[in-house]
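Here the structure is laid out as C-alpha cells; the discussion comes afterwards.
The values are calculated or read from the model by the stated rules, or taken from the named source; none is laboratory data. Not measured: the values here are computed from a predicted model. Glycine gets a Cβ as well: all are built from the backbone with ideal geometry, and neighbour counts include every protein chain shown.
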Amino acid sequence: MSPTTEDMTQIGGITLPAYVLHECKPHDVARAMIEQGCQKQPFYIFDIDEAYRRIQHFKNSMPRVQVFYAMQSNDTEMMMKLGIACGLSFSCSSPFELYKLRHLNISPENILYTMPSKMADHMKYARDSRIKYTTFDSSQELKNLKEYWPDSRLLLRIRVGSGNAINCEEKFGCNFETEAVDLLEEAASLGLKVIGVAFHVGSKCTTVNSYLVGLSYARALFDHEAKAGRTMTVVNIGGGFCGDKINAIDQVSRLINRRIEEIFPDPNVKIIAEPGRYFCEPAFTLFCSINSVRKSTRGDKTVNMIYLNDGIYGTMRYVERKPTKFKSENNNDTSNQQEVILWGPSCDSYDQVMKEVVLQLPQITPNDWLVFYNHGAYTITYETRFSSLLTPLIRPVVTMDTMLKLKSSKVFSARDFIVHPDISTPLPITMPPLLKNEKSKKESLHPQVPTLIV
C-alpha cells in the first residue's frame, strides 16, 4: 500500500512531550527508563538546552549572518519548533519538506528552496506555495525555471573546492572560472532575476579556507553583475559547521566575519547560512538495547556478534563514533577491548552498523544497552520503511529556565511539556495491534495450500 500524505509529511520521528527537569540530568532520565525494565524500543534523549545554547552561540558568533536551519539534518517537531522560537529561517529541498514548514506556519519569506536541480512538479509546488528563493547551477535549470517558476529569485550555486569529509561538489555547483559568468548572462537574457551567490563547503568542514574562497568568488560575481547594470544582494555561505564542541566554530566565525566586513562592507548585502549539524548533532543521544550476542570464528580470531534493536534502516545509516555500554549507578564492570560486529535488527545481511571494530566494553549480555552520543544529525531523517521495523521514539528534556524562555515565544503550547514528570515511565510501545482470530465475513482471497505444521 502506498504511503499516505499524512505519512509522508509527518514532522520528524515520533516526538513525545518534553520532560521539564528540576534536579536530574538528561542521562538520569535514560537511566530511570532502562532500569525499571520495561523499556524495549530504542529511544533518543533530546537535550533541548544543548540545541538552544548552540543556536544562541552561532547567532552571537556571526551577528550579521541570517540563519536558515537545514531541516534535512533533523526535522523532528521539537527541533523545528525550537528553531522557530529562536527566530531562525529554514532551508528545504523537497515539496514534503516545504509542506512541513508551511504546516508549522513558516512564512514563505523565511524559506529557501536549496535544491539546484529540481523536477518540474516540484517547481510548480514551490511556486504555488508562494516560495520565492531558490538556487540553480546549470543552463537546463534556468530553462526549467523560466517555464515553471519564472518569478523566482535565484542564487547561483558555485563550487569552491572544499575537499571536506562529506563533499557536495561532485553533484552540485557550477565552475566559477568557466561557467558562472555565462550562467549569469543566460539568466539575464531569459529575464530571470538572480539576487545572489550560494556555495556549500561540504559537511564537517574543518578549515575556514573554503568559506573564504567562496566569499571571494561571490565578490567577483557581484562586481561582474554591477558592471552589467544588475544588482545582487545575497551571499549564502551554506553549512558544514562541525558539531563536536560548542566553541568549534569560534575561530572559523572570526575569520568569516573579518572577510565579510572586508569585501562586503555594505550592510544592504544580506549574508545567510544553512547550519544544521552544529545545532542538532550533540543534542541527541541514542540508546539501543542488545537483542542477542554470539561469538563467530573468523580465521584465527573470534569476533563478538552483537545484535541491536536499531540499524542502518533505522537511524544508524552512518555511525562514526564508537558506542559505550550504558552503566547503571551500581555497575562496577571493568572494561576490556573486544573486537565486535554490530548488527541491526532486520533480516538483511547488509544491516551492519559497525564491522569488526575494537570497542572498549565491559562484558556484554542480551538486554544490556549501548549508548551512541552525538547522534542527532542525518540519522532520524534517514529512517526507512524497510521490514516495517520500529524506529526510535524521542524523549525531549529541558530545564525550567529554558522552557520559560521558549514558552514566551508562543511557539510552544502547554501540551509540549510535562512539568512534573515521572522519569521512570517507559515510552509507549508502538507495536501493531493483534487481530482477532475470527472468520472473516468475506471469503478469504488466499488460495488453499497445505499447512506448514501437521
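Conditions first: (1) at positive phi; (2) touching a residue at least 24 places away in the same chain (Cβ under 8 Å). Residue 229 passes all but one, so which condition is the exception?
Residue 229 satisfies every listed condition except (2).
For the range 430-446, which residues satisfy the criterion of being at pLDDT 75 or above and of a type in the set (D, E, K, R)?
If the condition is that a residue be at pLDDT 75 or above and of a type in the set (D, E, K, R), then 436 is the only one that fits.
So is residue 137 out of contact with any Leu (no Cβ under 8 Å at 6 or more places or on another chain) and among the charged types (D, E, K, R) or not? So that I can check it myself, show each step before the final result.
Values: out of contact with any Leu (no Cβ under 8 Å at 6 or more places or on another chain): no; among the charged types (D, E, K, R): yes.
No, not satisfied.
Among the strands (runs of 3 or more DSSP E) contained in the range 274-384, which hold 2 or more residues that are farther than 20 Å from residue 31 by Cβ and free of Cβ contacts under 8 Å to residues at least 24 places away in the same chain? Lay out the reasoning, then the answer.
Working: elements: 284-298, 301-308, 336-343, 352-361, 369-372.
Those strands (runs of 3 or more DSSP E) span 284-298, 352-361.
Taking residue 41 as the residue in question, decide whether it is part of a strand (DSSP E or B) and either assigned by TED's automatic domain parsing to the domain that holds residue 246 or closer than 28 Å to residue 398 by Cβ (or both). Even if it seems obvious, please write down each step before you answer.
Numbers: part of a strand (DSSP E or B): no; either assigned by TED's automatic domain parsing to the domain that holds residue 246 or closer than 28 Å to residue 398 by Cβ (or both): yes.
No, not satisfied.
Give, as residue ranges, the strands (runs of 3 or more DSSP E) completely inside the range 110-221 that count at least 2 residues that are surrounded by 20 or more Cβ atoms within 10 Å (Cβ to Cβ) and among the acidic types (Asp, Glu).
Values: elements: 111-113, 133-136, 153-157, 193-198.
No strands (runs of 3 or more DSSP E) qualify here.
With respect to residue 382, determine if the residue is within 22 Å of the chain's Cα centre (by Cα) and of a type in the set (Phe, Trp, Tyr).
Details: within 22 Å of the chain's Cα centre (by Cα): yes; of a type in the set (Phe, Trp, Tyr): yes.
The answer is yes for residue 382.
Is it the case that residue 346 is among the small types (Gly, Ala, Ser) and surrounded by fewer than 16 Cβ atoms within 10 Å (Cβ to Cβ)? Can you show your working first?
Values: among the small types (Gly, Ala, Ser): yes; surrounded by fewer than 16 Cβ atoms within 10 Å (Cβ to Cβ): no.
When the stated conditions are applied, residue 346 does not pass them.
Return the only residue of 300, 244, 250 being in the same structural domain as residue 383 (by TED's automatic domain parsing) and modelled with pLDDT under 95. Please lay out each step first, then the result.
Values: 244 fails: in the same structural domain as residue 383 (by TED's automatic domain parsing); 250 fails: in the same structural domain as residue 383 (by TED's automatic domain parsing).
The unique qualifying residue is 300.
Specify which of the listed residues (90, 68) is within 27 Å of residue 255 (Cα to Cα), in a strand (DSSP E or B), touching a residue at least 40 places away in the same chain (Cβ under 8 Å) and in the same structural domain as residue 194 (by TED's automatic domain parsing).
Values: 90 fails: touching a residue at least 40 places away in the same chain (Cβ under 8 Å).
On inspection, the qualifying residue turns out to be 68.
How many residues are modelled with pLDDT under 95, polar (S, T, N, Q) and surrounded by 12 or more Cβ atoms within 10 Å (Cβ to Cβ) when one looks only at the range 396-429?
The number of residues fulfilling the criteria is 3.
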